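Only one structure is covered here, and it is reproduced in the block below.
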Amino acid sequence: MQTSVRSMALAAFLAAMLASGCADEPLPLVPEVDTVAADEEARVEEALAEASRLEAFALESDGGVASLVESISSESGRASIVVVPAGSVDALAGALASAGTGGIVILKSGLHTESGSVTITSRVHLIGEPGAILQVDTQTDAAFNDPALHLLGASRVLVWGIDLRPAQSSGNTGILLQDSPLATIGNNSITAHQVGVLIHESDRAFLFGNTIITAPDGALGVEVVNGERVSIVGNDIANAPFAGVFASDHDGTFLLNHVHGNFIGIIFCNVPAGSATLPDGQVIGSDVSATDWTARWNNATNNGWGYLAIDGATGCDLLHNEASNNSDYDIELAGDSERFGFFTPTSSNCTAVSSNPAIVVKNCGLNNTVIGGTQVDTTVDPCF
């Protein structure tokens, strides 16, 4: 979970942004970028408002448990509440079934163990008290198809305040969202999994305030394979051997995150066909590359690349992000490349705006716009 200092800083930033409105960009430049679509501004405003609402819960002394329960119950009129005591063993599936659609399951502070993947197939609210640890035994493999928690065909699920850990030194996928739109994954600690959160066909998923630390034998912190208008806000994402965030599909929002110690902080890209396999055996890849994503006010530190747009990524706006100590480039808008062992087409129509002259930007793509930062001379350091 986030530290109180970080939470308070995020809360103050969110309050200031909502008070001033998104038209007032922090650290403005002259000239201002005038190509940001009204729809993008609306998405940012919506994500900030939801983040501010969730942050209010996260800052409460009980992690928002009481307020969340009250809010959910008042919204639905009546919600069944099931409390799972500490020391539970393979109790979660039964608790979810007892709570029923719209119900609430509360994990008490302490250790809860599960011998295998737990599937959630209806709208429920899974909430952990501070100190609630959920340890799930999953088997690591290259397919990432043995998730600890599997949201399957369930809309508006909430997973909140849980310390999700594997039973072994590393686990498979922490949370898989499959055909589960409008899910909220918030204020959790998801550590030592090969993939922290994998999103497939789950539009408008909202990831807020999570700490996601990838296993050394893993690959990704967050992977958006297919999912429109996904929002990733205020998370701490670290140590992924490939990418902290792999963003595909369109109209995603990436705000106020810290990505650090990854090979790539965030990659706007196209998940190749066959890259992942779902528990039912379905082999998946992205339908479209990252399109019209917006990334604002993030911080990428101590990665190889901070922000990378590649493999057909188009229309992505990287505005007022920070970056430092990234060993290759802070921002790269790639051209045609075979750096991953296969052909990836150029990025295009992306915008990078940096008010910090120390941020190094390499632009090799088509019709991209770069304002600010220090641009790489590609006659000296060629595109590849």
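A short reminder: the numbers here are calculations on the coordinates, not readings from a lab. Keep in mind that what you see is a predicted model, and the values were worked out from it rather than measured. Glycine also receives a Cβ, built like all others from the backbone with ideal geometry; neighbour counts cover every protein chain displayed.
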For Ser170 and Ser71 in one chain, what is 0.36 nm times their gap in residues minus the Cα-Cα distance, to one decimal in nm?
32.1 nm
Pairwise FRET efficiency - Thr277 versus Ile81, Cβ, R0 = 41 Å, nearest 0.05:
0.70
What is the packing order of peptides 73-80, 54-61, taking the mean over residues of other C-beta atoms within 10 Å and listing the highest first?
54-61, 73-80
What spacing in nm lies between the two simple spin-label points modelled at Ala15 and Thr121, each 7 Å away from Cα in the Cβ direction?
4.5 nm
Please give the contour-minus-distance gain from Val288 to Asp336: 0.36 nm per residue of separation, less the Cα-Cα distance, rounded to one decimal in nm.
15.6 nm
Which shape class applies to region 117-248: rounded if a/c is under 1.5, otherwise prolate when a/b exceeds b/c and oblate if not, where a ≥ b ≥ c are the square roots of the Cα gyration tensor eigenvalues?
rounded
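What's the extension gain from Thr378 to Lys108 if we count 0.36 nm per residue and subtract their Cα-Cα distance? Before the final figure, lay out the partial values.
Details: separation 270, 0.36 × 270 = 97.20 nm, distance 5.61 nm.
Full extension of this stretch gives 91.6 nm more.
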Dividing the surface of the Cα convex hull of region 66-185 by four yields a projected area in nm² of 6.8 nm²
For region 367-384, take each phi angle, set θ = phi - 60°, evaluate the Karplus expression 6.51 cos²θ - 1.76 cosθ + 1.60, and give the result in whole Hz per residue in order, putting x for glycine and proline.
6, 7, 10, 10, 10, x, x, 10, 7, 6, 7, 6, 6, 9, 10, x, 5, 8
Residues Ser354, Ser169, Ser52, sorted so that the one with the fewest Cβ neighbours within 10 Å comes first:
Ser169, Ser52, Ser354
Suppose we take every Cα in region 232-384 and form the convex hull; what volume per residue is that in Å³?
105 Å³
Ranked from highest to lowest mean number of other Cβ atoms within 10 Å per residue, what is the order of the peptides 276-288, 202-214?
202-214, 276-288
So for Trp305, Trp297, fewest C-beta neighbours within 10 Å to most, what's the order?
Trp297, Trp305
Under the Kirkwood approximation for Rh and a Cα-based Rg, what ratio Rg/Rh is obtained for region 278-354?
1.04
Picking from Thr346, Asn257, Ala247, whose Cα lies most toward the positive end of the charge dipole for the chain (charges on Cβ: Lys, Arg +1; Asp, Glu -1)?
Asn257
Can you tell me the order of 246-254, 103-111, 87-95 when each peptide is scored by its average per-residue count of other Cβ atoms within 10 angstrom, highest first?
246-254, 103-111, 87-95
In Å, the Kirkwood hydrodynamic radius of region 94-153 over pairs of distinct alpha carbons?
12.5 Å
The FRET efficiency for Leu59 and Ala37, from their Cβ-Cβ distance with R0 = 45 Å and rounded to 0.05, is 0.85
Identify which of the listed values of Cα extents along the principal axes in Å was calculated from the structure shown: [x] 69, 46, 38; [y] 71, 42, 35; [z] 63, 46, 31.
[z]
Residue farthest toward the positive end of the dipole of the chain, with Cβ of Lys/Arg at +1 and Asp/Glu at -1: which of Ala47, Ser61, Ser289?
Ser61
Nearest 500 deg cm²/dmol is fine: what mean residue ellipticity at 222 nm does the chain get from its DSSP H runs of n ≥ 4 alone, each adding -39,500 (n - 2.57), divided by its residue count?
-5000 deg cm²/dmol
Cα shape, region 175-286, gyration tensor, a/c 1.5 rule
rounded
